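*Asks:* Dropping the structure in here first, questions after.
The values are calculated or read from the model by the stated rules, or taken from the named source; none is laboratory data. As the structure is a computational prediction, the values presented were derived from the model and not from experiment. For neighbour counting, all protein chains shown are included, and Cβ atoms are generated from backbone atoms with ideal geometry for every residue, glycine included.
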Amino acid sequence: MMFNASKDWFKRKFAAWLAKRQPAATEVELTQSVIYILPSRFGWWFVFLIALLYLMGTNYQNNLILLLSFMLLSLLMVTMLLAFLNMHQLKLSVKQDARCFAPERAQLPLALIGKSCQMLHIGLRGQRQRQLVESLSQQHRFVLALPTLSRGYYPLPRLELSSTFPLGLFRCWSYPALTIAIWVYPEAIEQIHANTERLAEQASKQTTPYALLEPDDVKSYQAGDSPKRILWRKLASAPEQPVVRSYSGEASPLPHWIKVPALQGAALESVLSHACFQLLALEQQGHSYGLQTQSVTLAPAKGALHLERCLQELALC
């Protein structure tokens, strides 16, 4: 009991020290102050061998054994310097959050920038799973596979970069932190019930074929207008100002609303999965849609940014 309490206290103190020494950022450079190096298990045995040879050489006054111990000590020092330079000035940068749909594993895209780095292990601090980058020259795009998580929002834990290059005598490591979040959206599952049938009927009523309407005017082309309505004859004479046909009977389609009721447990997960499927389907079809939950109401819109905002709200439900 006392040992566990002391261990937890030490972990909290070490985490606070790391937060002060290595604050989180979108781009991190490994400098001398954030790179740690110690002999590996094999390295400690190598140090013990050097000490043993030195004691034997001085005890028996054997210059050859002393020369061998000094040569091994020089090799140890050179290896320590090479191990440090292998990770020195290595830069990590990330541009976007890690996103996935449950129960998939999130993928974190990283950019590694360094002059030369060999046998670099990358993983999350506190976990045994590591991914290996055998050789790094200039810039390298790397995708870090994250553990499987349930639906929600998670701050990215500290990374752990380590290497035993070149001879395995020293272990060089660092704990960089990146200001990146992990978004796990609900699993998109289609559910056929009365709501989806009613949405399909509304969509069919809102859409009026252009062939049944008579064009009565022209207007300037705007993003989103159908290419079939462009007046190509006028485009040839004025290519910088394209115009399209305008229909008097044309009605703008009504936006779709996706509502998430106040539920809990498996019922909530089922509703969120279906809402996620509806969002993806409406975005693919080009419709405007809004989202209403118990805490947030998002106005109808469309586009990649609006879809991402809606999916994030589903993840936080």
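Residues are listed down the side, and each one gets a yes or a no for (1) of a type outside the set (Val, Ile, Thr); (2) outside the structural domain of HIS274 (by TED's automatic domain parsing); (3) touching an Asp or Glu at 6+ places or on another chain (Cβ under 8 Å):
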residue: PHE84; (1), (2), (3): yes, yes, no
residue: ALA102; (1), (2), (3): yes, yes, yes
residue: ARG105; (1), (2), (3): yes, yes, no
residue: SER116; (1), (2), (3): yes, yes, no
residue: LEU124; (1), (2), (3): yes, yes, yes
residue: ARG128; (1), (2), (3): yes, yes, no
residue: VAL143; (1), (2), (3): no, yes, no
residue: THR148; (1), (2), (3): no, yes, yes
residue: ARG158; (1), (2), (3): yes, yes, no
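*Asks:* Criterion first (under 17 Å from PRO176 (Cα atoms) and in contact (Cβ under 8 Å) with a residue 12 or more places away in the chain) does ILE65 satisfy it?
*Replies:* So ILE65 fails the test.
*Asks:* Looking at the structure I just gave you, is VAL47 touching a Lys or Arg at 6+ places or on another chain (Cβ under 9 Å) and under 18 Å from LEU81 (Cβ atoms)? Step through it out loud before you land on a result.
*Replies:* Numbers: touching a Lys or Arg at 6+ places or on another chain (Cβ under 9 Å): no; under 18 Å from LEU81 (Cβ atoms): yes.
Considered against the rule, which asks whether it is touching a Lys or Arg at 6+ places or on another chain (Cβ under 9 Å) and under 18 Å from LEU81 (Cβ atoms), VAL47 comes out as no.
*Asks:* Moving to a separate point now. Is one or more of the residues making up region 150-163 outside any strand (DSSP E or B), over 18 Å from the mean Cα position of the chain (by Cα), surrounded by fewer than 18 Cβ atoms within 10 Å (Cβ to Cβ) and in contact (Cβ under 8 Å) with a residue 12 or more places away in the chain?
*Replies:* At the first step, the residues of region 150-163 found to be outside any strand (DSSP E or B) are 150-151, 156-158.
Now restrict to residues that are over 18 Å from the mean Cα position of the chain (by Cα): none.
No; the residues of region 150-163 include none that is outside any strand (DSSP E or B), over 18 Å from the mean Cα position of the chain (by Cα), surrounded by fewer than 18 Cβ atoms within 10 Å (Cβ to Cβ) and in contact (Cβ under 8 Å) with a residue 12 or more places away in the chain.
*Asks:* Considering LEU85, LEU81, LEU73, which residue is closer than 20 Å to VAL47 by Cβ and under 38 Å from the mean Cα position of the chain (by Cα)? Don't jump to the end; show me each part of the working.
*Replies:* On the way: LEU85 fails: closer than 20 Å to VAL47 by Cβ; LEU73 fails: under 38 Å from the mean Cα position of the chain (by Cα).
Within the list LEU85, LEU81, LEU73, the selection yields LEU81.
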